[in-house]
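Engineer: Questions regarding the structure given below will be posed in turn.
The values are calculated or read from the model by the stated rules, or taken from the named source; none is laboratory data. Given the structure is predicted, the values throughout are model-derived calculations rather than measurements. Glycine also receives a Cβ, built like all others from the backbone with ideal geometry; neighbour counts cover every protein chain displayed.
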Amino acid sequence: MDAALNKHFNPVFCIAAFLLSLVVFLSPGCSTEKSKSIVFEAEKLYHQAEKLRQKSDVKSEIEGREIINQLKDAYFKTTGFCWENIDSLPLEKYPEERKRLQSVGFMAANRLTQIYSAEKKYDSVIFVANQLLYFTDLEGVELLTTRFNLARAYQSRGNLTDAVDIYHSLIDTFYPPVTEQNEIIAMVLNLPLQIIRTYRIVGQDSLATIENGIAEEYYKRLIEDWPNSDLEMAAIGNLARLYYDLEDWDKAIEQLSLLTDSTGLIDYEASMMIAGIYINGKKNYNNAIRIFDDLLSRVNDTTIIPDILMRKGIAYFEKKDYEKCRQIMSSISDDYSYFYQKSPIPQKYFALCFDKSGDWNRAENEYKWLIDNYSVSEPAFDAHLTIAEHYKKLNNKGLADSWYRRADEFYNTMASRYSNTRIEASAISYLAESARRRNMWDQAAKYLEELHNRFPTTEHGRRGLINAAAIYREKLGNSARADSLVELLKRELLPVDEGKSIDIITENNK
């Protein structure tokens, strides 16, 4: 048990708290003046802890540990006071004071769970969260936050089944997933999809299949129970996402077609996703092109038009009509220079079209132009390897090795220059890809683990762990190491998702 927690976890206190609850039950409670003084004292203790937190200026590791311990003591002092006095304020007699005291206890306990989570002391998180739930009657966001913190702690400790049980209870408790202000609680709405994603990534396909059915029924129920509402639209979007992930393209399109604007037409984002399904899923490029043409006929926003044109060009590329794709990308350069200057995608496809058409000299020049003018972008990162791979296929070892070295130097430079950013994460992932393409499996796995260690809570980091596990299992014959990485992944998935329910399927994430 954590030292600070052990210091405040006193069996005598537990017995005293129980006896106190009996005394309160048998007595009429405290006076109004006394009840207010209890709340005032609790708030004072919490503000003192917060003041200490705000003034924290860590200059060394030792000093940092001392401050963290001081913060724990301050917050435990607050929660201890709250729980010692909570039953002195029966809800039926002092509803306002009790709720205020509960709120103070919640805030202090939440700070403790944040500290212990950062320290990866999940048993302590579980203790603090359970203590909070035992002494209070939390509702709304406070209950959601506490239960979610508890679930995350179980999951991080390796108890995925216990965590999922709590996630399911949250889905049931917060039905419908809206606040008192009728705002959608995305954290709850997206949980079914995140549970499925977790099981699928860690290879528990049978459980993922069960959760698919649960999620489908949940979203259909929301759609039926809350017609003509924002919640209905959000549920339709998530149901479409579910079908998309299952590669049930027709059902995904059917749901997306229900997302209409004020004119009754399928809205812009849903239309773009349907077009993406036709390109990447059904391979029906003509239908995608028709959707883009329809959007171009009714959209006047010049910030959107070049994006639609770009995706139309990509549809032609996938259709192997390289001339038409190149014409569209060239028109974007001519007519929407501001878009062309900030987006590397048109230039990428300009180069790809020459490459696929067999004009390598022109293609290489376009790839180099992409590298020089969009250096801080994934298409530029990828262009290095595209050129290297071209010469590798021609058995031109000298030029291939030269471009691989140039690529690695470039990625290392970008990683160093843009440390602690998404650019560094991309650079490390491309270092791994460069090693993978040369069958340098040990090096590739090390880069992927480094990617996860540097960015553990990001999609880049999680994908790195998945790919590292695959290399250890399939290429290096190290199943034990692969299993350990998958186990680690189980503990880290299911982040709080406050984002939109549906992501547009773009050229970058298809």
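Engineer: Which residues, taken from segment 360-395, are free of Cβ contacts under 8 Å to residues at least 12 places away in the same chain and either out of contact with any helix residue (DSSP H, G or I) (no Cβ under 9 Å at 6 or more places or on another chain) or among the small types (G, A, S) (or both)?
Structural biologist: Residue satisfying the conditions is N395 alone.
Engineer: I've got another one for you. Hey, could you check segment 275-290 for residues that are in contact with a helix residue (DSSP H, G or I) (Cβ under 7 Å, 6 or more places away or on another chain) and in a loop (DSSP other than H, G, I, E, B) and say which is surrounded by the most Cβ atoms within 10 Å (Cβ to Cβ)?
Structural biologist: The extreme case among them is G281.
Yes/no matrix, rows are residues, columns are (1) at positive phi; (2) out of contact with any helix residue (DSSP H, G or I) (no Cβ under 7 Å at 6 or more places or on another chain); (3) surrounded by fewer than 21 Cβ atoms within 10 Å (Cβ to Cβ):
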{"position": "Y175", "(1), (2), (3)": "no, yes, yes"}
{"position": "G213", "(1), (2), (3)": "no, yes, yes"}
{"position": "E247", "(1), (2), (3)": "yes, yes, yes"}
{"position": "A252", "(1), (2), (3)": "no, no, no"}
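Engineer: Next question, about the same structure. Among the residues of segment 351-365, is there at least one that is under 24 Å from S271 (Cα atoms) and at pLDDT 95 or above?
Structural biologist: No, the conditions are met nowhere in segment 351-365.
Engineer: Being touching a Cys at 6+ places or on another chain (Cβ under 9 Å) and within 28 Å of I86 (Cα to Cα) is true for just one of A153, A108. Which residue is that?
Structural biologist: A108
Engineer: Could you check segment 175-257 for helices (runs of 4 or more DSSP H) lying wholly inside it with 1 or more residues that are hydroxyl-bearing (S, T, Y)?
Structural biologist: 191-201, 205-225, 230-245
Engineer: For the condition farther than 26 Å from F174 by Cα and either of a type in the set (F, W, Y) or at pLDDT below 95 (or both), what is the one hit in E92, E139, E66?
Structural biologist: E66
Engineer: Can you find a residue in segment 432-439 that is under 24 Å from R481 (Cβ atoms) and not in a helix (DSSP H, G or I)?
Structural biologist: Yes, because at least one residue in segment 432-439 is under 24 Å from R481 (Cβ atoms) and not in a helix (DSSP H, G or I).
Engineer: May I ask you to say which residue of A444, A482, A425, A469 is closer than 20 Å to A380 by Cβ and buried (at least 19 other Cβ atoms within 10 Å of the Cβ)?
Structural biologist: A425
Engineer: Looking at segment 61-103, which of its residues are among the hydroxyl-bearing types (S, T, Y) and surrounded by fewer than 23 Cβ atoms within 10 Å (Cβ to Cβ)?
Structural biologist: Within segment 61-103, S88, Y94, S103 qualify.
Engineer: Across segment 105-131, what is the number of residues that are touching a residue at least 40 places away in the same chain (Cβ under 8 Å), buried (at least 23 other Cβ atoms within 10 Å of the Cβ) and closer than 22 Å to K51 by Cβ?
Structural biologist: The number of residues fulfilling the criteria is 6.
Engineer: On the basis of being modelled with pLDDT under 95 and buried (at least 17 other Cβ atoms within 10 Å of the Cβ), does S35 make the cut?
Structural biologist: So S35 passes the test.
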